1. Exactly one of these conditions fails for Val85: (1) free of Cβ contacts under 8 Å to residues at least 60 places away in the same chain; (2) crowded, with 24+ Cβ neighbours inside 10 Å; (3) closer than 23 Å to Leu178 by Cα. Give me its number.
2. Just to be sure before I move on: is Ser189 touching an Asp or Glu at 6+ places or on another chain (Cβ under 8 Å) and in contact (Cβ under 8 Å) with a residue 24 or more places away in the chain in the structure I sent?
3. Return yes when Arg152 is open to solvent by 40 Å² or more (accessible area, probe 1.4 Å) and assigned to a helix (DSSP H, G or I) and no when it is not.
4. Checking the condition crowded, with 19+ Cβ neighbours inside 10 Å and farther than 24 Å from Arg46 by Cβ, which residue from Leu241, Leu177 passes?
5. With respect to Asp141, is the statement that it is over 22 Å from Thr182 (Cα atoms) and either surrounded by fewer than 20 Cβ atoms within 10 Å (Cβ to Cβ) or within 17 Å of the chain's Cα centre (by Cα) (or both) true?
6. Here is a list of conditions, (1) part of a helix (DSSP H, G or I); (2) at pLDDT 95 or above; (3) under 12 Å from Leu33 (Cβ atoms), and Ala111 meets all of them except one; can you say which number that is?
7. I'd like the full set of residues that are open to solvent by less than 80 Å² (accessible area, probe 1.4 Å) and hydrophobic (A, V, I, L, M, F, W, C), limited to region 155-174.
8. Scan region 189-227 for residues that are part of a strand (DSSP E or B) and surrounded by fewer than 21 Cβ atoms within 10 Å (Cβ to Cβ) and jot them down.
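The values are calculated or read from the model by the stated rules, or taken from the named source; none is laboratory data. Not measured: the values here are computed from a predicted model. Every residue, glycine among them, receives a Cβ derived from its backbone with ideal geometry; neighbour counts consider all protein chains shown. Side chains included, ligands, DNA and RNA excluded: accessible areas come from the protein's heavy atoms. Shrake-Rupley method; radii C 1.70, N 1.55, O 1.52, S 1.80 Å.
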Amino acid sequence: MVAAGAASTLVQGAAAAAQPAPKARNIVLVHGLFADGSSWSEVLARLQAAGLNATAVQNPLTTLPDAVASAQRVLARQDGPTVLVGHSFSGMIVTEAGMHPNVSALVYVAARAPDADEDYTALAKTFPTPPASAGIVFDGDEGRLTEAAFLRDFAGDLPEAEAKVLCAVQQPFHKALLTGRTTQAAWRSKPSFYAVSTEDRTINPDLERFMAKRMGAKTIEVKASHLSLISHPDEISRLILEATGGQPA
């Protein structure tokens, strides 16, 4: 029964990915843990130069429902088909908020891509634990990455000075955020795209490949750290442009 269920999921995901996405001129980008909306700055500049209306959500990182609601508010302001893009943890948000009627396609950048009501932590434990996990520290209910882990395991392919600035502005997350589960999986019904970071030390690259394959996503592999959106903005921007129904990656 498990094998049959997995095969059914793969078929449904592939069918969704095969559907052509309506042409979109709006892009909504969501950041994950240890970051804020400015982490999309390099990608935003490229999308705006291509004539697209691009907006970065300031994810509150409090609870999953709060985070989904913040993305939905931005999606509601869009004037037509919109590509919803998520990095890292915000793949959870994309998977849930992607059901919004304005969303025409989904893009996951080294991101979580759970199924509906799936225990992502349990799924992740079926792959070797990435090194960054050991670098998370808590001040009460708020978690963050140590500077050493941020530089080595999160932003490993960025210049140290740039990585230190990003570390200094990382937004702490609440423990409650990690307990949330998605209730829907938008990738089952909408075209999906995935950028795997092959040198990722925050999410296991093989887990990324598994999730991308399961959803039948158009997938690219980028030789990058977890922060491919900053270290390889050209590749990420091209994938997003493809998701709009415009230029191919």
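1. Going through the list (1) free of Cβ contacts under 8 Å to residues at least 60 places away in the same chain; (2) crowded, with 24+ Cβ neighbours inside 10 Å; (3) closer than 23 Å to Leu178 by Cα, Val85 breaks only (1).
2. no
3. Against the criterion (open to solvent by 40 Å² or more (accessible area, probe 1.4 Å) and assigned to a helix (DSSP H, G or I)), Arg152 qualifies.
4. Going through Leu241, Leu177 in turn, the sole match is Leu177.
5. no
6. (1)
7. If the condition is that a residue be open to solvent by less than 80 Å² (accessible area, probe 1.4 Å) and hydrophobic (A, V, I, L, M, F, W, C), then Ala155, Leu158, Ala161, Ala163, Leu166, Cys167, Val169, Phe173 are the ones that fit.
8. The initial filter retains those residues of region 189-227 that are part of a strand (DSSP E or B), namely 192-197, 218-222.
Scanning region 189-227 gives Lys218, Thr219, Ile220, Glu221.
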